[in-house]
Amino acid sequence: MSTLPDPQAAPPRPARPDASDRSIRGHRAMGDIVFAGIARGAGILILVALAAVFVFLLVKGAPGFTASGNSALGSFSSFWSLVGPLLWGTVLVAVLSLIVAVPFSIAIALFIAFYAPRRLAAPVAYIIDLLAAVPSIVFGLWGGRELANALKPVFSWLADHVGWFPLFKGPFANTGQVGLTAVVVLAVMVLPIITAISREVFVQTPRLTEEAAIGLGATRWEVIKLAVLPHAKSGIIAGVMLGLGRALGETMAVVMVYSASPVVTFNMVGNSSPQTIASYIANNFAEASTDRRAVLIAAGLILFGVTFIVNFAARWVITRGERKFAR
């Protein structure tokens, strides 16, 4: 017969951990401390590097804001009369490249995530990811030599038939090495970034959400529109902003595709296409005098600030979208 425990008896004492248990816990605690220290140090190092870049640009470029004379500014009367058109060209080329790249990127990401067979989806995703590893100088060689010649009939037709639109006003440059060629090259360069991030957020959509939409009789497109895209909105914005940052700072591809001058214009198929800050610095830094280098570094500081503001705004939009979706 089994005996019942005495309710008056004291509860049994837990077994004391032996030396091996204490050693394992000590190693785990030490591992957590080391990992936390490495992660914290890496975060601080990034902030220090960012601050160092900003201080360098500010100190070396400060004289450029008040520079004057032909040795520093060439034919321009002031720093802002030079940087204003460059900033215009930088933003215009980057935004146009996103207008071209974003629809294709999202469509490719949706195809890989929801429509392509598994045997086809993996190779296509792998090829798209490999595009991000191609050096920008390779894109520049391809764009300046092959793509410019291939697009000449298209640009000529646009200038002749859609010349009333400011972007295609012309007159058309016979070389094909115009601003619109640079836009297409930058669109190809940012496409794998936006596609990869969009694909990852698409596949992370909760499976129960998709199944609930299917259970209510939704078609595949309705599932994407009602369940996938709202969940992935913040991730898509992040990918677009990363692509914008790549387009804003791209140098060699733009330099090798077309030559331009600091002018404020919408014309992207003529000889007077606007120039970007990065390409202007690359073209003039090697042979610049001391005063002109200060102007170029100051222009780099402006580009640094614009890129920082764009990324900060993107982070704010993403955080706001995540909070709204969580509600």
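Quick notes on this structure:
- Alpha-carbon centroid distance for the pair the stretch 195-257 / the stretch 127-154, whole angstrom: 24
- For the stretch 94-184, convex hull of alpha carbons as volume per residue, Å³: 121
- Of the residues 175, 265, 195, the one with the fewest other Cβ atoms within 10 Å heads the list, and the complete ranking is 175, 265, 195.
- Taking the fewest neighbouring Cβ atoms within 10 Å as the starting point, the ordered list for 75, 105, 259 is 75, 259, 105.
- Cα pair distances in the stretch 83-326, grouped into 5 Å bins until the bin that holds the longest one, percent each: 1, 7, 12, 15, 16, 14, 12, 10, 7, 4, 2, 1, 0, 0
- Net charge dipole size for the stretch 100-225 [Lys, Arg +1 and Asp, Glu -1 on Cβ; Debye, nearest 20]: 120
- Backbone phi angles across the stretch 142-155, fed through the Karplus curve with coefficients 6.51, -1.76 and 1.60 (θ = phi - 60°), yield HN-Hα couplings of 5, x, x, 9, 9, 5, 4, 5, 5, 8, 4, x, 5, 5 Hz in residue order; Gly and Pro are listed as x.
- Working note: Karplus 6.51/-1.76/1.60 with θ = phi - 60° gives the stretch 49-59 the couplings 4, 5, 5, 5, 4, 5, 5, 4, 5, 5, 5 Hz, where Gly and Pro are set to x.
- Build a GNM of the chain with springs between Cα atoms under 10 Å apart, and of 64, 305, 217 the one that fluctuates most is 217.
- Of the residues 220, 293, 199, the one with the fewest other Cβ atoms within 10 Å heads the list, and the complete ranking is 220, 293, 199.
Here, each number is a calculation from the coordinates, and none is a lab measurement. Not measured: the values here are computed from a predicted model. In this analysis, Cβ positions are derived from the backbone assuming ideal geometry, glycine residues included, and neighbour counts consider all displayed protein chains.
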